[in-house]
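Reading through the structure tokens given below for one structure.
A short reminder: the numbers here are calculations on the coordinates, not readings from a lab. Being a predicted model, the structure only gives us computed values, none of them experimental. A quick note on method: Cβ atoms are made from the backbone with ideal geometry, for glycine too, and the neighbour counts reach across all protein chains shown.
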Amino acid sequence: MTQLLEVSNLNKSYTKSDFNLSDISLSIASGEVLGLIGKNGSGKSTLINTLVGNRFKDSGDIKFFGQSVTARNNQYKEHIGVVFDDLRVPNKLTLTDIDKVFTNIYTTWDSNKFKSTLKDFDLPTSNAIKSFSRGMRMKAAIAIALAHDSQLLILDEATAGMDVSGREEVMEILQDYVAKDYGIMISSHISEDIETLATKLVFMRDGKIVLHVDKSHLLSHYGIVNVPLAEFNVSNDYIIASRKRNDRIEALIHDRNLVPEAEPLKSIDDATKIIMRGDK
């Protein structure tokens, strides 16, 4: 497997804020989809903005396609597609205008591919962007990300504003993309998107990675204990996160076979709720 993204011991701080990204390490190889999970303020968007060069890191190493990112080395941008939570182009432009603009930005820009994706999304090419709904704007942003030699997509709330049908359409296109041995990092508040696409998961809280695990391993090995507080007797060594509510405790266990009362997870959401709202 080819490494598309490698992040090692990444740190980022702000002079006028107590928030820090602390010691972030992760990787994405060809054919992998990394789901980035965390509530607002957990550091997901800060991490993505730092990875794509919109923020400067304090320390650590970022490698795209085996090459460390430096001030002089930005060739990697030709081969990554980035989608934030809106289409960041002037509202007066049409998609035909955007096609002409990006022809001069990316050496690998493929107008035919761009137009084909727009057709798949049933987007009008002669209407100004300002007339688009948010879902339409997001589909246009995805079409742009796919229309050059993108080997890695970085998606931050890329399906925001879409209805169920639109999201399913995008998921199918992204699944086809990964099948070509490309990779994706996806951050989304819509858990179904991550459940559908992700092969591995990074849970973030307060600027740190709380858990980094393969999705299949999480669902097949991890467990949840939900018992009265007075009956709880699980070693801290087994606990990833726990949450007390009223007179009960709910805990995420890294190996349910070690704890007889642990139940299997039904979905990623089961882990997310405890990690994001838990005490540990």
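Rounded to the nearest 10 degrees, the angle from helix 164-179 to the longest Cα principal axis of the chain is 90 degrees. Considering only 230, 103, 178, and ranking their Cα positions along the charge dipole of the chain that arises from unit charges at the beta-carbon of Lys, Arg, Asp and Glu, the one farthest toward the positive end is 103. Once you order the gyration tensor axes a ≥ b ≥ c over the Cα atoms, which shape class does the chain get: rounded for a/c under 1.5, otherwise prolate or oblate by comparing a/b with b/c? Because a/c hits 1.5 or more and a/b exceeds b/c, the chain counts as prolate.
Please label the shape of the range 222-277 as rounded, prolate or oblate, based on the square roots a ≥ b ≥ c of the eigenvalues of the alpha-carbon gyration tensor (a/c under 1.5 means rounded; beyond that, a/b larger than b/c means prolate, else oblate).
oblate
The simple spin-label model puts a point 7 Å past each Cα toward its Cβ; for residue 103 and residue 269 those points are separated by 4.6 nm.
Considering helices alone, the calculated mean residue ellipticity of the chain at 222 nm is -8500 deg cm²/dmol, with DSSP H runs of length four and up weighted by -39500 (n - 2.57) and normalised per residue.
Helix 134-146 axis versus longest C-alpha principal axis of the chain: approximately 80°, rounded to the nearest ten. When only alpha carbons are used to place a centre, the range 240-275 and the range 22-84 end up 30 Å from one another.
Once you order the gyration tensor axes a ≥ b ≥ c over the Cα atoms, which shape class does the range 110-165 get: rounded for a/c under 1.5, otherwise prolate or oblate by comparing a/b with b/c? Since a/c reaches 1.5 but b/c is at least a/b, the shape of the range 110-165 is classed as oblate. Relative contact order for the chain: 21 percent, from Cα pairs under 8 Å spaced at least 6 residues apart, divided by residue count. Extension gain, residue 11 to residue 86: 0.36 nm times the residue separation minus the Cα-Cα distance gives 24.4 nm. Considering the zone a paramagnetic label at residue 181 would reach in this model (a point 7 Å from Cα along the Cα-to-Cβ line), which residues of the range 25-66 have amide N under 11 Å from it? So the set is 30-31. Residues whose amide H falls under 5 Å from that of residue 185, counting only those 5 or more places apart or on a different chain, are 34, 153, 154, 155, with hydrogens built in the peptide plane.
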